[in-house]
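The values are calculated or read from the model by the stated rules, or taken from the named source; none is laboratory data. This is a predicted model, so every value here is computed, not measured. All Cβ positions, glycine included, derive from the backbone under ideal geometry; neighbour counts span all protein chains shown. SASA here: full protein model, heavy atoms, side chains in, ligands and nucleic acids out. Shrake-Rupley method; radii C 1.70, N 1.55, O 1.52, S 1.80 Å.
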Amino acid sequence: MARTRGTDACPGALQVHRAADGALARIRLPGGTLTAAQLAALARVASEYGSSTLELTARGNIQVRGITDEAAAADAIAGAGLLPSATHERVRNIVASPLSGRAGGNADVRPWVAGLDAAIRAEPRLAGLGGRFWFSVDDGHADVSGLCADVGVHAFPDGCALLLAGRDTGLRLGADEVVETLVVIATRFATTRGSAWRVKELDDLERLLPGVELGAAPFSAVTRPPVGWIAQDQPGSEGRVALGAAVPLGVLPARVAEYLAAIEAPLVITPWRSVLVCDLDEAVADVALRVLAPSGLVFDENSPWLTVSACTGSPGCAHSAADVRADAARALKPDAGMHRHFVGCERACGSPLAAEVLLATGDGYRQLR
């Protein structure tokens, strides 16, 4: 069912959200990638104009809360190369397999991500797509296809499957068709969506893909990030190491972000609120791990921090009935089974698809899903 809201309230770097704790800016990172210099710039924005923390989102983006000088923050974000289009900045929502081209997978999807980002910005009709519409590009790891993006591709050994709302359409694409096809589908949605903001809100998917018959079930959802010491094995990347660091509850202190940037290596923000520091030689990786581990980042795949997440909660969100992040931290279980996501209201922001969602009631929590 389509939303009744007539305007898109999803924040960006220019159109900020007025939260209870001040202005909130969301910076899109197609494929989750950014340079060390760009992360350092965002850390400065958070320190000088915001809450001194960066928030990692469930779509591999970064938020800065409590901004006191919106114009100065936007100028700094643009100066870091993170605002290439003022008209399309909120619609550059592309999630990709974070280790693509470095470890495993059936294809290196990084060129597709870059090409898709450029194609989105070049299509005027996509400026009104809506900040919640997003793309997934899965290299065969089956890690982001299960997140049920509006439109995406999944690379198999013999070609790419076109996905709608996380389900296989049965259509197979060649590598040279991926970017064009995704833009065509997104443009059809933008021009025929009516009051819908997401593909799943459409009553008739044939307006996007005539004759479409979706697969019986979506891909399985992944809830845990790749953490620890990850050997890179793809051509051009052999012999290098990536360090996967989970960020508890997605809140990255600006000072820790500066430590990450100081390594001067390529970075990837994952949709599980973690960071990958990539292309390291083993000696550098060993030193970096020793420096970063005491900072609160999580490199242990058995850590209970990997089984819990939360929305913003109080005091940052006026709708929340509790400080859900604090409650989530107190509720850590060393032997937790299903992932648990704590939320302050029934909007249940940021809820993973495969999780127990716990709703604050003002007198404890009840299971929402």
Practice task
Being open to solvent by 40 Å² or more (accessible area, probe 1.4 Å), under 14 Å from P294 (Cα atoms), part of a helix (DSSP H, G or I) and in contact (Cβ under 8 Å) with a residue 40 or more places away in the chain is the filter here, so list the residues in the range 244-275 that pass it.
Solution key: R255
Exercise for the section: Quick one: count up the residues across the range 104-124 that are under 19 Å from G146 (Cα atoms) and outside any helix (DSSP H, G or I). Expected result: 6
Fill in the blank from the handout: Checked against (1) small (G, A, S); (2) open to solvent by less than 10 Å² (accessible area, probe 1.4 Å); (3) outside the structural domain of D323 (by the TED database), G313 satisfies every condition except (3)
Completion exercise
Every listed condition ((1) farther than 30 Å from A86 by Cβ; (2) out of contact with any Leu (no Cβ under 7 Å at 6 or more places or on another chain); (3) buried (at least 18 other Cβ atoms within 10 Å of the Cβ)) holds for H154 save (2)
Fill in the blank from the handout: Only one of (1) open to solvent by less than 10 Å² (accessible area, probe 1.4 Å); (2) touching a strand residue (DSSP E or B) at 6+ places or on another chain (Cβ under 6 Å) does not apply to A196, and that is (2)
Handout entry: Close pairs from the range 138-155: first free of Cβ contacts under 8 Å to residues at least 60 places away in the same chain, partner assigned to a strand (DSSP E or B) and of a type in the set (S, T, N, Q), Cβ under 8 Å, at least 6 apart
Key = A149/S136; V151/S136; G152/S136; V153/S136
Completion exercise
Restricting the range 42-56 to residues that are in a helix (DSSP H, G or I) and open to solvent by less than 10 Å² (accessible area, probe 1.4 Å), the one nearest to V137 (Cα to Cα) turns out to be L42
Exercise for the section: Test each condition in (1) buried (at least 20 other Cβ atoms within 10 Å of the Cβ); (2) within 22 Å of N61 (Cα to Cα) for A288 and report the one that comes out false. Expected result: (2)
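For the condition of a type in the set (V, I, T), over 18 Å from A245 (Cα atoms) and modelled with pLDDT of 95 or more, what is the one hit in V284, V343, V298?
None of the other options fit; the residue is V343.
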Completion exercise
Exactly one of G159, G105, G79, G128 is open to solvent by 10 Å² or more (accessible area, probe 1.4 Å), more than 15 Å from T181 (Cα to Cα) and modelled with pLDDT under 95, and that one is G128
